[in-house]
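Visitor: One structure coming up, written as structure tokens, with questions to follow.
The values are calculated or read from the model by the stated rules, or taken from the named source; none is laboratory data. Keep in mind the model is a prediction, meaning the values are calculated, not measured. Note that each Cβ is placed from the backbone with ideal geometry, even for glycine, and that neighbours are counted across all protein chains shown. Only protein heavy atoms, including side chains, enter the accessible area calculation; ligands, DNA and RNA are left aside. Shrake-Rupley method; radii C 1.70, N 1.55, O 1.52, S 1.80 Å.
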Amino acid sequence: MSLTLYDTYTRSLREFEPLSPDEVGLYACGPTVYDFPHIGNMRTYVFGDLLRRALAFNGYKVRHVMNITDVGHLTSDADTGEDKMEEGARRAGKTAWEIAEYYTDVFKEDMRRLNIQEPHTWCRATDHIAEQIREIQCIEKKGFTYRTSDGIYFDTSKQPDYGYLARLDVEGLEAGARVDMAEKRSVTDFALWKFSTPDAQRQMEWESPWGVGFPGWHIECSAMSAKYLGPYFDIHLGGEDHISVHHSNEIAQTEACHGTRLANFWMHGYFLQLGDAKMAKSAGGFLRVQTLIDRGYDPLVFRLFCLSASYRSKLNFKWESIEGAARQLNRLRLAVHGWGDPAGEPDEAYLQRFTDVVNNDLNMPRAMSVTWDLIRSDLPDDLKRATIMRFDDVLGLGLAEWQPEATAVPDHIKVLAEERRQARSEKRYADADSLRDQIIAAGFDIKDTPRGAEITPRAEAETEATS
Ligand code: AMP
Ligand code: ZN
């Protein structure tokens, strides 16, 4: 079955066809590195990772590019307010460059903790100022810009289909505009380049043909995606909040300069919510991956929690759900570990069922149901193991690497195991069996492997289906 994905641009499920047989180009809008990433942000990157793994699972070679926004993202989407980086630097008493480096490292560490594969290309906005200036010059040459006293703006009225991605009602927005438009001609116009102001000394600023200043937030993605993937590539990703402003503006810029709508597929991850509110950095009080670790959870519990919902629906964060995911991950790991070493080929029927649901717009809740069905099935263990290892290429739960912690087996059980080993070596099989029964009665499984007896806390007989 071919891979079907939901494309926000056409508002439809479309069969994925790569633009080139060699490589699928994937661009994901990366983090703004002025603060810690919260687990809402990380949900969006888990979604991107599932997509990338699903593409690889279908045999595609992927080139994954991610930007780091380290300049130009202002506190208001209307291109007013302070640069988030400068604000973050002031708050931390550090330079903007220092906090960019610090929070980039934190973000990368959180990606590793969640088994999110690293992009092949990282690109920082501040490393691509020349490319952004060239992109703005190109847009200017095509006649889509105007100058105000505070910057160079994109004139959205010149583009009849501006905002199509978001199905924006531009006239309605104009009529209801309450924001201070300053010298902007239309409420949807946005900054390509902002001038530094003499009263507020910026740490990050550059010379440009228009005056000293800094790039607007959206231009970096048009400039860097064009540089690394070309002006028209396969899939562009982001969170749902990007649809109405950031991605609409990226498309406007790229269309103005290159005449393409930037990407063939536009895909968006829906928000992780805390109660009824979205989790947001600017709102403060958010949860980090580190918060989960501090509460004793393996970060992959959060990854499994993300698999419990489609990326196209909002997901409510609840500690009870995290607890449930923790129990499931434990059962999954113990079951897989108990099957011993992998051998042979995956089971074709289960592999097909799994592929069908993954290829149905990444239906991960169904993919988890297939996984639990496999675990409960009466297939031989080695076949189960070989099959689940293939599933894990997409799930990314690190099932092959997991080992029970040595401390999970208490000393008195280890003593019984040692006595059993001795009994066996002395051919006192009745004694050995009785010792084995004692170990099992205490809640452990014991399995004889070429490396010796392995003891694991017993997986509960009931494996839980995802809800
Ligand atoms: P930012 O660092 O603010 O630029 O955001 C990084 C990514 O996280 C973007 O793709 C956002 O769309 C996404 N995002 C922000 N808040 C949430 C949330 N509560 N749930 C899921 N994704 C989010
Ligand atoms: Zn972007």
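Visitor: Cα atoms only, the range 129-224: Rg and Dmax in Å?
Guide: Radius of gyration, then largest Cα-Cα span, for the range 129-224: 14.0, 39 Å.
Visitor: While we're looking at this one, here's another question. Out of all DSSP beta bridges with both ends in the chain, state the antiparallel percent to the nearest 5.
Guide: On the way: 24 of 47 bridges.
So the antiparallel bridges in the chain amount to around 50 percent.
Visitor: Separate question: Using every Cα-Cα pair within the range 115-162, state what percent have a distance larger than 16 Å. Could you put the intermediate results ahead of the total?
Guide: Details: 658 of 1128 pairs.
For the range 115-162, the fraction of Cα-Cα distances above 16 Å is 58 percent.
Visitor: Turning to a different aspect of this structure: Roughly how many Å² is the accessible area per residue of the range 4-269, as a whole number, for a 1.4 Å probe? Don't skip to the answer; put the middle values down first.
Guide: Working: 10390 Å² over 266 residues.
Accessible area per residue: 39 Å².
Visitor: Kindly rank 239-246, 304-311 from highest to lowest mean number of other beta carbons found within 10 Å of each residue.
Guide: Numbers: 239-246: 19.4, 304-311: 21.8.
Output ranking for 239-246, 304-311: 304-311, 239-246.
Visitor: Calculate the all-directions average of the projected area of the range 157-283's alpha-carbon convex hull, and give it in nm². Provide the component values of the computation, followed by the final result.
Guide: On the way: hull surface 40.9 nm².
Mean orientational projected area (the range 157-283, Cα hull): 10.2 nm².
Visitor: Kindly provide the helix-only [θ] at 222 nm of the chain, computed as the sum of -39,500 (n - 2.57) over DSSP H runs of four or more divided by all residues, to the nearest 500 deg cm²/dmol?
Guide: On the way: 15 runs with 189 residues, N = 467.
Calculated mean residue ellipticity at 222 nm is -12500 deg cm²/dmol.
Visitor: Right, here's the next one. When the Cα atoms of the range 56-194 are enclosed in a convex hull and the volume is divided per residue, what value in Å³ results?
Guide: Details: hull volume 24.7 nm³, N = 139.
Normalising the Cα hull of the range 56-194 by residue number yields 178 Å³.
Visitor: With a 1.4 Å probe and every protein chain kept in, tell me what percent of the accessible surface of the chain is carbon plus sulfur.
Guide: Values: 9920 of 20480 Å².
Carbon and sulfur atoms account for 48 percent of the accessible area of the chain.
Visitor: Follow-up question, since we're still on this one. If each of residue 291 and residue 411 carries a label point 7 Å out from its Cα toward its Cβ, how far apart are those two points in nm?
Guide: Label at residue 291, label at residue 411, 3.9 nm between them.
Visitor: How big is the Kirkwood radius of the range 280-395, worked out from every pair of different alpha carbons and given in Å to one decimal?
Guide: Value: 15.5 Å, from the Cα pair sum.
Visitor: Using bins 10 angstrom wide from zero, how does P(r) for the range 1-138 break down, in % of all Cα pairs?
Guide: 10, 33, 33, 19, 4, 0
Visitor: Also, I was wondering about something else. So which cysteines in the chain don't have a second cysteine's C-beta under 4.7 Å from them?
Guide: 29, 123, 221, 306
Visitor: What is the log10 of I(q)/I(0) for the range 231-320, computed with the Debye formula using one identical point scatterer on each Cα and no solvent, at q = 0.13, 0.18, 0.22 Å⁻¹?
Guide: -0.59, -0.89, -1.09
Visitor: Can you tell me how much longer the chain between residue 13 and residue 95 gets when fully stretched, taken as 0.36 nm per residue apart minus their C-alpha distance, in nm with one decimal?
Guide: Details: separation 82, 0.36 × 82 = 29.52 nm, distance 4.52 nm.
Gain on extension, residue 13 to residue 95, equals 25.0 nm.
Visitor: Expressed as a fraction of 2.2 N^0.38 Å, the rule-of-thumb size for a compact globular protein of N residues, what is the C-alpha radius of gyration of the chain? Numbers along the way, then the final one.
Guide: Values: Rg = 26.4 Å, N = 467, 2.2 N^0.38 = 22.7 Å.
Taking N as the residue count of the chain, the ratio is 1.16.
Visitor: Then there's this: Measure of size requested: the Rg and Dmax of the range 23-102, with Cα atoms as the atom set and Å as the unit; please supply both.
Guide: Rg, Dmax (Cα atoms, Å): 15.7, 48.
Visitor: Starting from the exponent 0.38 and prefactor 2.2 Å, build the expected Rg for the range 406-457 from its residue count and divide its actual Cα Rg by it.
Guide: Here the answer is 1.04, to two decimals.
Visitor: Could I ask something else about it? Could you state the accessible area per residue of the range 406-457 in Å², with a 1.4 Å probe and every protein chain left in place?
Guide: Details: 3380 Å² over 52 residues.
Per-residue value: 65 Å².
Visitor: Taking a ≥ b ≥ c as the square roots of the Cα gyration tensor eigenvalues, with a/c under 1.5 meaning rounded and otherwise prolate when a/b beats b/c, else oblate, which class fits the range 61-110?
Guide: oblate
Visitor: Which entries in the list 61/142; 141/194; 84/194 go over 25 Å, if you measure between the two C-alpha atoms of each?
Guide: Details: 61/142 35 Å; 141/194 18 Å; 84/194 14 Å.
61/142, as the Cα separations exceed 25 Å there.
Visitor: While we're on this one: Please report the orientation-averaged projected area of the range 4-269, defined via the convex hull of its C-alpha atoms, in nm².
Guide: Numbers: hull surface 55.3 nm².
The orientation-averaged projected area of the Cα hull of the range 4-269 comes to 13.8 nm².
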